[in-house]
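Q: Let me give you the structure first, and then I'll get to my questions.
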Amino acid sequence: MSDSATRILAGLLEARTGQQLGLSRRWRIETALQPLMRERSIASLDQLAGSLVGGREPALAEKAVEALLNNETFFYRDRPAFDLLLGPVLSRLERARAGEKRIAIWCAGCSTGQEAYSIAMRIAEQKARWAGWTIDILGSDVSRAAIERASSGHYSQFEVQRGLSVLQMMRWFAQQPGTWRISSEIQRLVRFRVHSLIEPPPEPGRFDLILCRNVMLYFAEPTRRLVFSRLAEAAAEDAVLMLGAGETVIGQTEAFAPDPEARGLYVRTGKSAARFAAAS
Amino acid sequence: MKSCLVVDDSKVIRKVARHILETLHFVVDEAEDGREALSRCEANMPDVVLLDWNMPVMGGMEFLRTLRRADYETQPKVVFCTTENDAAHIRAAIDAGADEYVMKPFDRDTLESKLQIVGVA
Ligand SMILES: C[S@@+](CC[C@H](N)C(=O)[O-])C[C@H]1O[C@@H](n2cnc3c(N)ncnc32)[C@H](O)[C@@H]1O
């Protein structure tokens, strides 16, 4: 594989998604693209890169980008943080929205849907509590393939038990030959759409909880700042932001600050992210 | 540190499980079948048992039923860990007193979350 092929593919990935191909992932580029190359009878990375430079193969480019994205996820990933989010933080939000009885939740970069369904299951398990409420859960991802899988609600045996308790698995999934299918009751609570975080936020544009986890890790600094300002734009005044276990807003944006009541979660500050971005 | 007893007749599985459990800071003990597991429990009750289904001498279900009937001062959490992967087996295990259920193959994240769910990690 030539350096220029790697550069072309990495450039395509970053242009489409903001994701930089980390050094450690560079050597896996060939493994990641192998299935696509086999499917299209493409002999080498150089040949693949060659077909992509002209921009005449948009479908192939989309598939290549999807293959390069890291879609790793599982149910209730980072369980202690989820307990905090769906425990005290959700209760606080419930009090704050007691009048309008409406909560909007956005899982930005939700991959194959486990994160969004984790929230939906918890809501469904508290039927009496949420009776009369409108709870909108949106899962979005730049990868069409991931969103298709998320919407289908089908998971392999390996995936279905990853992070999920056996009782939840038995309650909310039906075992079918070769797959576990999520119940329509849960599926109905979540909507999915293809969306890139670099674009303006999706409808309804004002979210009370935003999860953006393990997505920004490989964004370059300016992209990360842009995305934080997008998230701030989409956040209700008292919205809570949840990042991945190793991620922080500190030094990245002024639009969010650590939630004094919930360690590891963040609240909207009211400060403009855009101003911060312009000033730095 | 919490302790885990790994009960499996496959040496390879015991080794893999031990490795993951040690990275999760568990003290690990092993048994090859249900009977050996019972005597381990009597000598030194673990916090959690990782239990295979099919084993010679005494299988997982018989071990679990015997364990749950016995009047030990404390009962460990029991996580089945088996290739049996259909709803009927899973229900039977839960009815017999299992706290969690892992279908092989599994990885560290799966095991860690199951241990968190039963409250030992
Ligand atoms: C590692 S997964 C994390 C999934 C989930 N949030 C979690 O933490 O388990 C990262 C996801 O971010 C998506 N992604 C990458 N760049 C994106 C962008 N610009 N807009 C939206 N999603 C993006 C990837 O397709 C991938 O599914």
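Q: Quick one: in the range A:91-113, which of the residues that are of a type in the set (A, V, I, L, M) and in contact (Cβ under 8 Å) with a residue 40 or more places away in the chain is nearest to the ligand (Cβ to nearest atom)?
A: A:A108
Q: Here are A:V166, A:V160, A:V194: which of them is within 10 Å of the ligand (Cβ to nearest atom), modelled with pLDDT of 95 or more and not hydroxyl-bearing (S, T, Y)?
A: Going through A:V166, A:V160, A:V194 in turn, the sole match is A:V194.
Q: Taking the condition more than 16 Å from the ligand (Cβ to nearest atom) and within 27 Å of A:L226 (Cα to Cα), does A:T31 pass?
A: no
Q: Answer yes if at least one residue in the range B:34-45 is within 10 Å of the chain's Cα centre (by Cα) and part of a strand (DSSP E or B), and no otherwise.
A: So far as the range B:34-45 goes, no, none of its residues is within 10 Å of the chain's Cα centre (by Cα) and part of a strand (DSSP E or B).
Q: Residues of the range A:153-209 being β-branched (V, I, T) and either in contact with a Pro (Cβ under 7 Å, 6 or more places away or on another chain) or within 10 Å of another protein chain (Cβ to nearest Cβ) (or both), which ones?
A: The answer is A:V160, A:V166.
Q: All but one of (1) in a helix (DSSP H, G or I); (2) at pLDDT 95 or above; (3) within 14 Å of the ligand (Cβ to nearest atom) hold for A:L60; which doesn't?
A: Of the numbered conditions (1) in a helix (DSSP H, G or I); (2) at pLDDT 95 or above; (3) within 14 Å of the ligand (Cβ to nearest atom), the odd one out for A:L60 is (3).
Q: Follow-up. Among the residues of the range B:95-105, write down those that are modelled with pLDDT of 95 or more and at the interface with another protein chain (Cβ under 7 Å from one of its Cβ atoms).
A: B:E100, B:Y101, B:V102, B:M103, listed by residue number.
Q: Could you please tell me which pairs satisfy a Cβ distance under 7 Å, a separation of 6+ or placement on different chains, a first residue in the range A:58-85 that is closer than 24 Å to A:L265 by Cβ, and a second residue that is within 10 Å of the ligand (Cβ to nearest atom) and modelled with pLDDT under 95?
A: Between residues of the range A:58-85 that are closer than 24 Å to A:L265 by Cβ and residues that are within 10 Å of the ligand (Cβ to nearest atom) and modelled with pLDDT under 95, the close pairs are A:D78/A:A245; A:A81/A:A245.
Q: Could you figure out which of (1) within 30 Å of A:A81 (Cα to Cα); (2) more than 14 Å from chain A (Cβ to nearest Cβ) isn't true of B:V57?
A: With (1) within 30 Å of A:A81 (Cα to Cα); (2) more than 14 Å from chain A (Cβ to nearest Cβ) applied to B:V57, the lone miss is (1).
Q: Out of the residues in the range A:27-57 meeting the condition of being in contact (Cβ under 8 Å) with a residue 12 or more places away in the chain and not in a helix (DSSP H, G or I), tell me which one is nearest to the other protein chains (Cβ to nearest Cβ).
A: Applying the filter and picking the extreme gives A:R40.
The values are calculated or read from the model by the stated rules, or taken from the named source; none is laboratory data. None of these values were measured; they are calculated from a predicted model. All Cβ positions, even for glycine, are placed from backbone atoms using ideal geometry, and neighbour counts span all protein chains on display.
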